Amino acid sequence: MKFNNKNIYIGQNVKIGKNVKIGDNSVIYDNVTIGDNSIIGNNSIIGEPLQEYYYSKNYNQPITLIGENALIRSNAIIYAGSEIGSNFNTGHFITIRENTTIGNNCIIGTKCDIQGYTTIGNYVRLHSFVVIGQYSNISNYVQIFPFVVLTNDSKPPSNELLGPQLDEYTVIASSTVLLAGIKLGKHCLVGANSVVNKDYDDYSFINGNPAKYVCDVRKLPFFTNGKRHYPWPYNYKKGMPWEEEGYGKWEKSLGND
Amino acid sequence: MKFNNKNIYIGQNVKIGKNVKIGDNSVIYDNVTIGDNSIIGNNSIIGEPLQEYYYSKNYNQPITLIGENALIRSNAIIYAGSEIGSNFNTGHFITIRENTTIGNNCIIGTKCDIQGYTTIGNYVRLHSFVVIGQYSNISNYVQIFPFVVLTNDSKPPSNELLGPQLDEYTVIASSTVLLAGIKLGKHCLVGANSVVNKDYDDYSFINGNPAKYVCDVRKLPFFTNGKRHYPWPYNYKKGMPWEEEGYGKWEKSLGND
Amino acid sequence: MKFNNKNIYIGQNVKIGKNVKIGDNSVIYDNVTIGDNSIIGNNSIIGEPLQEYYYSKNYNQPITLIGENALIRSNAIIYAGSEIGSNFNTGHFITIRENTTIGNNCIIGTKCDIQGYTTIGNYVRLHSFVVIGQYSNISNYVQIFPFVVLTNDSKPPSNELLGPQLDEYTVIASSTVLLAGIKLGKHCLVGANSVVNKDYDDYSFINGNPAKYVCDVRKLPFFTNGKRHYPWPYNYKKGMPWEEEGYGKWEKSLGND
Ligand SMILES: CC(=O)SCCNC(=O)CCNC(=O)[C@H](O)C(C)(C)COP(=O)(O)OP(=O)(O)OC[C@H]1O[C@@H](n2cnc3c(N)ncnc32)[C@H](O)[C@@H]1OP(=O)(O)O
Ligand SMILES: CC(=O)SCCNC(=O)CCNC(=O)[C@H](O)C(C)(C)COP(=O)(O)OP(=O)(O)OC[C@H]1O[C@@H](n2cnc3c(N)ncnc32)[C@H](O)[C@@H]1OP(=O)(O)O
Ligand SMILES: CC(=O)SCCNC(=O)CCNC(=O)[C@H](O)C(C)(C)COP(=O)(O)OP(=O)(O)OC[C@H]1O[C@@H](n2cnc3c(N)ncnc32)[C@H](O)[C@@H]1OP(=O)(O)O
């Protein structure tokens, strides 16, 4: 019932893989490559040109790569100069600016805004309405909830921009502000509506405005099937690479333990 | 000047009432029913298919119902499997996912995101940018302001999702987080930028991060025409069923008092 | 590669300046004027009609003015009855309602929501996801960061709406709530995730929920090239009218000092 191929515009030097479907009213600009079996929803713009395009005669449209098996829901805008891995899954109305690198198996929720010049690992999940400021760095398996903003300017407005850096498995609950340049270790949990203004080590549970260290996440009295819930990968598998075998087995198979 | 019937796509088994207007570039998918005198703005998608649609041969498109006299502004996305009452009024760029039930006379503001599996009563108003997590339950006459999120996961990420439950006439001021599963009684007021982490009885005014009980809303020194402002239905009529007769009279007419 | 003039609708009494470019699937309603050299991105709606349009036979479409050299990115919705100066620059998916007056050289970030009946000066910058409630008043050179909301109802819901008033050069960091009717002087800085519930004088640095006065911004130990960073116009020039000559010289040239 979908994919009527109505009113689609496809630019030059566009490489479209096998079995790709493109929704009505979508625009694929020049120099875009889309991997096999990917789906682009209606009204989307892939390879949106940078600002120079409008004003410079010598504009060079950067290459845009979307991996295989993407499901990009309707009204997405992905700028030229972004590189996205396989199995990418998005909500609606996402905006991703230039020089964003996203790994494999990531989920970007409805109305997220990734402002570019940012690196995102594999299996990262942003829920709806997450803002990722420029020069942020997000490792594998990070999960970020609605209305969180990763800021990059510690004395706004200034020209010294530096985004936060989040290490693997860290979780940022809803409506939290991460101040510019802060670093969180692996397996941290930041409570909802916090303001994080300094660095924290692996396994920190921090909370509040300004955020304070509360305890090690492994001490948190949150349980799943009678066992401590954190670190969460032991208890949450949906869409994770350890989905079938369990996190412990999977981790061992990597030779990490 | 509008409604040129350009580039509209209408699926199969779509029932469109009398005097319905559909904006340009809009898509109405299969099994959608739209009540009489409704207006669907440009670039909208009604009956957006669920994820299974893209991957399963046996996909069954659920029924979508939009009541009469709707005014759904442009760029709305309403998933298949939603049921919405009469006199529905929305802003732009709203997203409503499957298994959302919305009563009559509701207003959903610009860029709201209702994530599905949720029940919303009558005369509910969400202002712009409200996020309603799955498994939330919102009673009649509730009002929610911008950047509020109703969360549903108390130890993210987990598989035990449970949304908040808001009873009639309760008001949630801007930028507040309601934690998973909390219950607020009738006529509560939650101050702006709060984090609510437990249940509160009828008439509670609560505020802060974490929220604390402040006083009974009936004690709040906020006045309208010299009378206490809360409970607000005595003092606010716009769009309410007691508009002509006043809240007291209306309430009596129901035999409630 | 862009601007294929596909599926564009242009109403009556529309005045389009020289060298204007309009993206595919965009709609320009009646009584809109667009200045020379302006660019309107794809899927935009300029002159969106007010609610009366749908229900009244005598609807009068107000005039909409967009100045010269605008760059309005895709999926913008600007209501009829707005007046916007020259060099306007926006992100995607912005919504601007009726009776909004915006000066020259303003930047409105992706997914901002300006709810109308509001005056915004020159050189104002709203980053992504800023909500400006009705009856707000924002002076020149103000900068507002993501997820900030300017509220206008101090006892919601009520009919007594009054927005905040921000004087020149004031900066509101991310995720802050400004309560209805508060006034901030010139050169103030409000820290991230604050709730501002009263008025503050020029040069105030305030922070917290509820916000408290911390110190004069000129005492803040934030430095650029060895000099105090605040007041910021001495240290930040990008896009500002003093770009070439420096803020001090520019200010003197105005005879202000
Ligand atoms: C659709 C969606 O968007 S879902 C969004 C995802 N979910 C979210 O964003 C919300 C996530 N939840 C949060 O952010 C919460 O604020 C939390 C988890 C950080 C805190 O939750 P609260 O319920 O307020 O817990 P609280 O502050 O009481 O502390 C949690 C527990 O830690 C315990 N704790 C606190 N300090 C310590 C300590 N030093 N040592 C050990 N335990 C401690 C507390 O005692 C409490 O346990 P208890 O309930 O047995 O007393
Ligand atoms: C466009 C839009 O989006 S509009 C958005 C809608 N509006 C909003 O979201 C904002 C709504 N406002 C809020 O959330 C505010 O923070 C409020 C109403 C909760 C609190 O407002 P404040 O102005 O900070 O009030 P404050 O904290 O001083 O307390 C309010 C009053 O309650 C009183 N109060 C506090 N505690 C008590 C108590 N125990 N008993 C009685 N009164 C009390 C205070 O004394 C104060 O009264 P006063 O002004 O006479 O001293
Ligand atoms: C992409 C994007 O969206 S970018 C978004 C733009 N950026 C933002 O929104 C975030 C802006 N940053 C903020 O809001 C921060 O919270 C700030 C700047 C308000 C505070 O930052 P913090 O790092 O938490 O600073 P803190 O609270 O420790 O105080 C700042 C400094 O002021 C100093 N200070 C505090 N009180 C006083 C005082 N009374 N007198 C003098 N100095 C004081 C502190 O000592 C501190 O200095 P120090 O670091 O030398 O000790």
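Could you go through segment C:154-167 and let me know if any residue there is within 29 Å of residue A:94 (Cα to Cα) and away from ligand 1 (no atom under 16 Å from the Cβ). The answer is no, given that none of the residues of segment C:154-167 is within 29 Å of residue A:94 (Cα to Cα) and away from ligand 1 (no atom under 16 Å from the Cβ). The condition of being within 16 Å of ligand 2 (Cβ to nearest atom), of a type in the set (Gly, Ala, Ser) and buried (at least 17 other Cβ atoms within 10 Å of the Cβ) does not hold for residue A:154.
Report whether or not residue C:225 is at positive phi and surrounded by fewer than 18 Cβ atoms within 10 Å (Cβ to Cβ). Walk me through it before giving the result.
Values: at positive phi: yes; surrounded by fewer than 18 Cβ atoms within 10 Å (Cβ to Cβ): yes.
Against the criterion (at positive phi and surrounded by fewer than 18 Cβ atoms within 10 Å (Cβ to Cβ)), residue C:225 qualifies.
A quick yes/no check of all residues on (1) aromatic (Phe, Trp, Tyr); (2) more than 14 Å from ligand 3 (Cβ to nearest atom); (3) not assigned by TED's automatic domain parsing to the domain that holds residue A:238:
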{"residue": "A:113", "(1), (2), (3)": "no, no, yes"}
{"residue": "A:116", "(1), (2), (3)": "no, no, yes"}
{"residue": "A:120", "(1), (2), (3)": "no, yes, yes"}
{"residue": "A:124", "(1), (2), (3)": "no, yes, yes"}
{"residue": "A:128", "(1), (2), (3)": "no, yes, yes"}
{"residue": "A:134", "(1), (2), (3)": "no, no, yes"}
{"residue": "A:145", "(1), (2), (3)": "yes, yes, yes"}
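Look at segment C:121-140: where a residue is within 12 Å of another protein chain (Cβ to nearest Cβ) and a partner is within 13 Å of ligand 2 (Cβ to nearest atom) and small (Gly, Ala, Ser), sitting 6+ places away or on another chain with Cβ atoms under 6 Å, you get C:131/B:128; C:133/C:163; C:134/C:116. The listed residues are A:206, A:172, and the only one of them that is surrounded by fewer than 24 Cβ atoms within 10 Å (Cβ to Cβ) and modelled with pLDDT of 95 or more turns out to be A:206.
On the stretch given as segment A:178-195, residues that are surrounded by fewer than 24 Cβ atoms within 10 Å (Cβ to Cβ) and within 16 Å of ligand 2 (Cβ to nearest atom) total 0. Taking the criterion of being under 17 Å from residue A:28 (Cα atoms), assigned by TED's automatic domain parsing to the domain that holds residue C:96 and aromatic (Phe, Trp, Tyr), no residue of segment C:1-57 qualifies. Scanning segment B:21-43 for residues that are away from chain C (no Cβ under 12 Å) and part of a loop (DSSP other than H, G, I, E, B) yields B:29, B:30, B:31, B:35, B:36.
More than 11 Å from the chain's Cα centre (by Cα), surrounded by fewer than 23 Cβ atoms within 10 Å (Cβ to Cβ), modelled with pLDDT of 95 or more and within 16 Å of ligand 2 (Cβ to nearest atom): is that true of residue C:69 in this structure? Explain how you work it out, then say what you get.
Details: more than 11 Å from the chain's Cα centre (by Cα): yes; surrounded by fewer than 23 Cβ atoms within 10 Å (Cβ to Cβ): yes; modelled with pLDDT of 95 or more: yes; within 16 Å of ligand 2 (Cβ to nearest atom): no.
It is false that residue C:69 is more than 11 Å from the chain's Cα centre (by Cα), surrounded by fewer than 23 Cβ atoms within 10 Å (Cβ to Cβ), modelled with pLDDT of 95 or more and within 16 Å of ligand 2 (Cβ to nearest atom).
State which residue is surrounded by the fewest Cβ atoms within 10 Å (Cβ to Cβ) when the search covers only segment B:1-52 and only residues that are closer than 19 Å to residue B:84 by Cβ and of a type in the set (D, E, K, R). The qualifying residue surrounded by the fewest Cβ atoms within 10 Å (Cβ to Cβ) is B:18. Just so you know, in segment A:1-20 the residues that are of a type in the set (Val, Ile, Thr) and under 26 Å from residue B:61 (Cβ atoms) include one that is farthest from the other protein chains (Cβ to nearest Cβ), and it is A:20. Scanning segment B:94-109 for residues that are in contact with a Phe, Trp or Tyr (Cβ under 6 Å, 6 or more places away or on another chain) and within 14 Å of chain A (Cβ to nearest Cβ) returns B:97, B:98. Among the residues of segment A:98-116, how many are without any contact (Cβ under 8 Å) to a residue 24 or more places away in the chain and within 20 Å of residue A:65 (Cβ to Cβ)? Qualifying residue count for the region: 9.
Yes or no: segment C:218-232 includes at least one residue that is within 13 Å of chain B (Cβ to nearest Cβ), touching a strand residue (DSSP E or B) at 6+ places or on another chain (Cβ under 7 Å) and assigned to a loop (DSSP other than H, G, I, E, B). Reasoning before the result, please.
Going through segment C:218-232, the residues within 13 Å of chain B (Cβ to nearest Cβ) turn out to be none.
Scanning segment C:218-232, I find no residue that is within 13 Å of chain B (Cβ to nearest Cβ), touching a strand residue (DSSP E or B) at 6+ places or on another chain (Cβ under 7 Å) and assigned to a loop (DSSP other than H, G, I, E, B), so the answer is no.
Only a single item in (1) more than 16 Å from ligand 1 (Cβ to nearest atom); (2) surrounded by fewer than 24 Cβ atoms within 10 Å (Cβ to Cβ); (3) over 21 Å from residue C:110 (Cα atoms) is not met by residue A:138, and it is number (2).
Only one of A:255, A:208, A:248 is without any contact (Cβ under 8 Å) to a residue 60 or more places away in the chain and assigned by TED's automatic domain parsing to the domain that holds residue A:129; which? Step through it out loud before you land on a result.
Numbers: A:255 fails: assigned by TED's automatic domain parsing to the domain that holds residue A:129; A:248 fails: assigned by TED's automatic domain parsing to the domain that holds residue A:129.
Just a single option satisfies the conditions, and that option is A:208.
Restricting attention to segment C:87-98, which residues are assigned to a strand (DSSP E or B) and under 11 Å from residue C:126 (Cα atoms)? Step through it out loud before you land on a result.
To start, the set of residues in segment C:87-98 that are assigned to a strand (DSSP E or B) comprises C:89-90, C:95-96.
Hits for segment C:87-98 are C:89, C:90.
Can you go through A:136, A:175 and tell me which one is within 16 Å of ligand 2 (Cβ to nearest atom) and either aromatic (Phe, Trp, Tyr) or in contact with a strand residue (DSSP E or B) (Cβ under 8 Å, 6 or more places away or on another chain) (or both)?
None of the others qualify; the one that does is A:175.
Return the residue satisfying two criteria in turn: it lies in segment B:196-245 and is aliphatic (A, V, I, L, M) and in contact with a Leu (Cβ under 7 Å, 6 or more places away or on another chain), and of such residues it is nearest to ligand 2 (Cβ to nearest atom).
So the first thing to find is which residues in segment B:196-245 are aliphatic (A, V, I, L, M), and the list is B:196, B:206, B:211, B:214, B:217, B:220, B:240.
In the following step, the residues that additionally are in contact with a Leu (Cβ under 7 Å, 6 or more places away or on another chain) were identified as B:196, B:217.
Numbers: B:196: 13, B:217: 10 Å.
Only one residue tops the list, namely B:217.
Quick one: in segment B:152-167, of everything that is within 10 Å of chain A (Cβ to nearest Cβ) and either of a type in the set (Lys, Arg) or touching a strand residue (DSSP E or B) at 6+ places or on another chain (Cβ under 7 Å) (or both), which residue is nearest to residue B:201 (Cα to Cα)? If we take residues in segment B:152-167 being within 10 Å of chain A (Cβ to nearest Cβ) and either of a type in the set (Lys, Arg) or touching a strand residue (DSSP E or B) at 6+ places or on another chain (Cβ under 7 Å) (or both), then B:153 is nearest to residue B:201 (Cα to Cα). Taken together, B:171, B:190, B:149 contain a single residue that is within 12 Å of chain A (Cβ to nearest Cβ) and on the phi < 0 side of the Ramachandran plot, which is B:149.
Restricted to strands (runs of 3 or more DSSP E) entirely inside segment B:99-207, those with at least 1 residues that are under 27 Å from residue A:221 (Cα atoms) are B:204-207.
Taken together, A:42, A:25 contain a single residue that is at pLDDT below 95 and at positive phi, which is A:25.
Run down B:193, B:209 and say which single residue is more than 29 Å from residue B:89 (Cβ to Cβ), within 16 Å of ligand 3 (Cβ to nearest atom) and not small (Gly, Ala, Ser).
Details: B:193 fails: more than 29 Å from residue B:89 (Cβ to Cβ).
Selected residue: B:209, the only one of B:193, B:209 that is more than 29 Å from residue B:89 (Cβ to Cβ), within 16 Å of ligand 3 (Cβ to nearest atom) and not small (Gly, Ala, Ser).
Collect the residues in segment C:53-66 that are crowded, with 24+ Cβ neighbours inside 10 Å and either more than 29 Å from residue A:9 (Cα to Cα) or small (Gly, Ala, Ser) (or both), keeping them in residue-number order.
In the first step, residues of segment C:53-66 are kept if they are crowded, with 24+ Cβ neighbours inside 10 Å; the result is C:64, C:66.
Selection gives C:64 alone.
The values are calculated or read from the model by the stated rules, or taken from the named source; none is laboratory data. Predicted, not measured: the structure shown is a model, and the values here were computed from it. Ideal geometry is used to build each Cβ from the backbone, glycine not excepted, and the neighbour counts take in all protein chains shown.
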